[in-house]
């Protein structure tokens, strides 16, 4: 569950978008329109099945994204959650729980050709996952040079994209009126060798006054008048898909604005779901290109 939350924190994560058999590639023009901002989400337990061991969740996710077409894009993310556990179908057990601390930082160059990342996952203050490396697009080929957890080189699938590229690709598909896109993603999570195939379903564009009652910070002037779409993303393990298993590892839904801001976030893991309520949203300074 925890590594999947990291993947959401990277905002949509890298992808090669396929539409009707034809690839949709994200341009740097769309990436340049993404807003530099800081967002804070209050994390709580949404729905849960009786079979789930997760009884309650409380935490906070802090996400920062900044950059420009001349200097590239940086993102920083931290999610701290306290998860209370219990026997499936039973009551919460005092003292039975887990404290998770997920951290990531990344940089993508202005041309979208390189992705430098560091992902770390702490459980009860113990480091359990640590990946660091540099991924690059070189023509039609994409590769990763990992430094941690072990030094090695990895070839990525043709067409795979990195986090900011993926976000731009979803926005471009939404603006074009597309409703379903398939995605191969690489974000360096877990051991740095994980690749996910995702399916993105884009709802009808929402027009008129935005409903921000539950998240009043989204009533900011710099969001007013922006196009927005409800988006659902299902994450599949390609190895399991090849074996005939079509059940996603998890699903994510959110309201996506044309400038890359997301809210109304929900993560669904089958037996339980997490809800992220936007509590802070503020623009970050950007260096103007000459």
The condition of being closer than 22 Å to residue 265 by Cα and buried (at least 17 other Cβ atoms within 10 Å of the Cβ) holds, among 110, 106, only for 106
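Yes or no, residue by residue, for (1) touching a helix residue (DSSP H, G or I) at 6+ places or on another chain (Cβ under 9 Å); (2) within 26 Å of residue 263 (Cβ to Cβ):
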| residue | (1), (2) |
| --- | --- |
| 82 | no, yes |
| 96 | no, no |
| 101 | no, yes |
| 124 | no, no |
| 128 | yes, no |
| 131 | no, no |
Might you check whether a residue that is surrounded by fewer than 15 Cβ atoms within 10 Å (Cβ to Cβ), over 23 Å from residue 79 (Cα atoms) and modelled with pLDDT under 95 occurs anywhere in region 246-255? yes
Given the conditions (1) modelled with pLDDT under 90; (2) farther than 30 Å from residue 223 by Cβ; (3) touching a strand residue (DSSP E or B) at 6+ places or on another chain (Cβ under 6 Å), every one holds for residue 130 apart from (1)
Any idea how many residues of region 56-90 are surrounded by fewer than 16 Cβ atoms within 10 Å (Cβ to Cβ), modelled with pLDDT under 90 and assigned to a strand (DSSP E or B)? 1
Answer yes or no: is there a residue in region 159-177 that is farther than 22 Å from residue 69 by Cα and surrounded by 16 or more Cβ atoms within 10 Å (Cβ to Cβ). no
Any idea which residue in region 189-203 is surrounded by the fewest Cβ atoms within 10 Å (Cβ to Cβ), counting only those that are closer than 22 Å to residue 127 by Cβ and in contact with a helix residue (DSSP H, G or I) (Cβ under 9 Å, 6 or more places away or on another chain)? 194
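Residues checked against (1) out of contact with any helix residue (DSSP H, G or I) (no Cβ under 7 Å at 6 or more places or on another chain); (2) modelled with pLDDT of 95 or more; (3) not in a strand (DSSP E or B):
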residue: 116; (1), (2), (3): yes, yes, no
residue: 121; (1), (2), (3): no, no, no
residue: 142; (1), (2), (3): yes, no, no
residue: 145; (1), (2), (3): yes, yes, no
For residue 230, indicate whether it is under 17 Å from the mean Cα position of the chain (by Cα) and over 25 Å from residue 160 (Cβ atoms). yes
Over region 266-282, the set of residues in contact with a helix residue (DSSP H, G or I) (Cβ under 9 Å, 6 or more places away or on another chain) and at pLDDT below 95 is 267, 269, 274
Looking only at region 33-44, filter to residues that are within 25 Å of residue 98 (Cβ to Cβ) and surrounded by fewer than 18 Cβ atoms within 10 Å (Cβ to Cβ); which one of those is farthest from the chain's Cα centre (by Cα)? 44
All positions within region 199-227 that are touching a residue at least 60 places away in the same chain (Cβ under 8 Å) and part of a loop (DSSP other than H, G, I, E, B): 214, 215, 220
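The values are calculated or read from the model by the stated rules, or taken from the named source; none is laboratory data. From a predicted model like this one, the values you see are computed outputs, not experimental measurements. As a convention, Cβ positions derive from the backbone with ideal geometry for all residues, glycine included, and neighbour counts pool all protein chains shown.
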